[in-house]
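Have a look at the structure below before the remarks.
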Amino acid sequence: MSAYADAIARRFGDGGSSGEGAEDNEFIRRVLSRKTVRRYGDKVPAENLLDLLVAAALSASAKSDFQQASILRLRNTAKRAAIGELFPAMPWIANAPVFFVFLGDARRLQCIGEMRGKPVRNGTLKGFFNASIDAALAIQAMILCAESAGLGTCPISVIRNEVDKVAAILGLPDLVFPVAGLCIGYPQAEGYVSLRLPRLATTHSDQYDDSALAAAIDDYDRRRNARHAIPRDQQRANAAFYGWSEDKARQAAKAEGAAFPPYLRSHGFNFD
Ligand SMILES: Cc1cc2nc3c(=O)[nH]c(=O)nc-3n(C[C@H](O)[C@H](O)[C@H](O)COP(=O)(O)O)c2cc1C
């Protein structure tokens, strides 16, 4: 049996490839079993470990070597409380021992253009997209490194729903925007590995083909419901069967984050 079989079965349960014959690798096993953690003990991670995590995050790949991610550590308790109060349904934002905000930073490259007398205009779609990806890669690098150091993490993109207030609290200039916050602490609750969509729905070979999507989603809904059903009090509607796809379709159909596009447009992005 492969070193990964259990972890892959827990993650996908889709009967697909289980890494048979691949050499055992602790890091890969850890990634396969990773999970978001929203409840933390009081112990604050050591400063030198946090510095290391920032260095690891900033070691992520960066589009064109433009290095358009910035990381803001929110230490000020009043500011943290002010952000936490905006999202009472997510108390982990205020309670986590450590809170970072990962920023897409299209400003730095534009400043560098000015410093070198070059006409850099980085409020384009490309500037936004590249900075977003750099920040996303940096946050994922921090997540995986933090988890490998025994910490639990939770990315927080809900801050974009109140971007005007969050940006004011953090003093963000034009062309700098929050991609996500990141709660970090030592896990207090075990949590569970979240079952992912079957790989036949999310992987393609040589040509995109989603002809089996509907059946795959029905199958996934049933398997996921059997493993960890969405608790009644978290369901967005009363239904005889309330599966993942019902929940996600309802969630995605509800307008959320309406403040983000106008914020970006009034803070230096024209998306040309
Ligand atoms: C970009 C991003 C933003 C997220 N934002 C939030 C958030 O605002 N609040 C939250 O509680 N979880 C947030 N999450 C965590 C996801 O809900 C979680 O990753 C997902 O349910 C899958 O669970 P897993 O990471 O344990 O596999 C976010 C995750 C990502 C990648």
Rounded to the nearest 10 degrees, what's the angle between the helix 125-148 long axis and the longest principal axis of the chain, both from Cα atoms, 0 to 90? 60
Stretched fully, the stretch from Lys248 through Leu72 gains (0.36 nm per residue minus C-alpha distance, one decimal, in nm) 60.3 nm
Which of the lysines could a cross-linker span from Lys254 if the Cα-Cα distance has to be under 28 Å and same-chain partners fewer than 8 positions apart are dropped? Lys35, Lys126, Lys165
Hydrodynamic radius by Kirkwood for segment 52-189, inverse mean 1/r across distinct Cα pairs, in Å, is 15.5
Could you tell me how many degrees, from 0 to 90 and to the nearest 10, lie between the Cα long axis of helix 47-57 and the main elongation axis, the longest principal axis, of the Cα atoms of the chain? 80
Looking at the chain, which Cys residues are left with no other cysteine's beta carbon under 4.7 Å from theirs? Cys111, Cys145
Hydrodynamic radius by Kirkwood for segment 159-272, inverse mean 1/r across distinct Cα pairs, in Å, is 18.0
Neighbourhood net charge (12 Å Cβ-Cβ; Lys/Arg +1, Asp/Glu -1) for Ala141: -2
Report the residue, chosen from Ile112, Ile184, Ile169, that carries the largest GNM mean-square fluctuation when the chain is represented by alpha-carbon nodes joined by springs under 10 Å. Ile112
Under a GNM of the chain (C-alpha, springs under 10 Å), which listed residue has the highest mean-square fluctuation: Leu182, Leu144, Leu197? Leu197
Å³ per residue of the Cα convex hull, for segment 1-110? 191
Does anyone have the angle between helix 244-253 and the longest principal axis of the chain? Alpha-carbon axes, 0 to 90°, nearest 10? 30
Total charge dipole magnitude, the chain, about the Cα centre, Cβ charges on Lys, Arg, Asp, Glu only, Debye to nearest 20: 660
Between Arg30 and Asp233, what length in nm is gained on full extension when 0.36 nm per residue of separation is reduced by their alpha carbon distance? 70.0 nm
Springs between alpha-carbon atoms under 10 Å, Gaussian network over the chain: tell me which of Ala57, Ala237, Ala82 tops the mean-square fluctuations. Ala237
Go ahead and estimate [θ] at 222 nm for the chain from helices alone: -39,500 (n - 2.57) per DSSP H run with n ≥ 4, summed, over the residue count, rounded to 500. -12500 deg cm²/dmol
Got a sec? How would Cys111, Cys145, Cys183 order by Cβ neighbour count within 10 Å, fewest to most? Cys111, Cys145, Cys183
Kirkwood Rh in Å, taken over the chain so that all alpha-carbon pairs contribute: 20.9
Reachable aspartates and glutamates from Lys79, criterion Cα separation under 17 angstrom, eight or more residues apart if same chain: Glu162, Asp164
Can you compute the FRET efficiency between Glu23 and Ser157 using 1/(1 + (r/R0)^6), with r the Cβ-Cβ distance and R0 = 25 Å? Round to the nearest 0.05. 0.10
Cα gyration tensor of segment 33-78 - equivalent ellipsoid semi-axes, whole Å, descending: 25, 16, 11
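No value in this document is a laboratory result; all are computed from the given coordinates. Model, not experiment: these values are computed from the prediction. Neighbour counts are summed over all protein chains in view; Cβ atoms, including those assigned to glycine, are modelled from backbone coordinates with ideal geometry.
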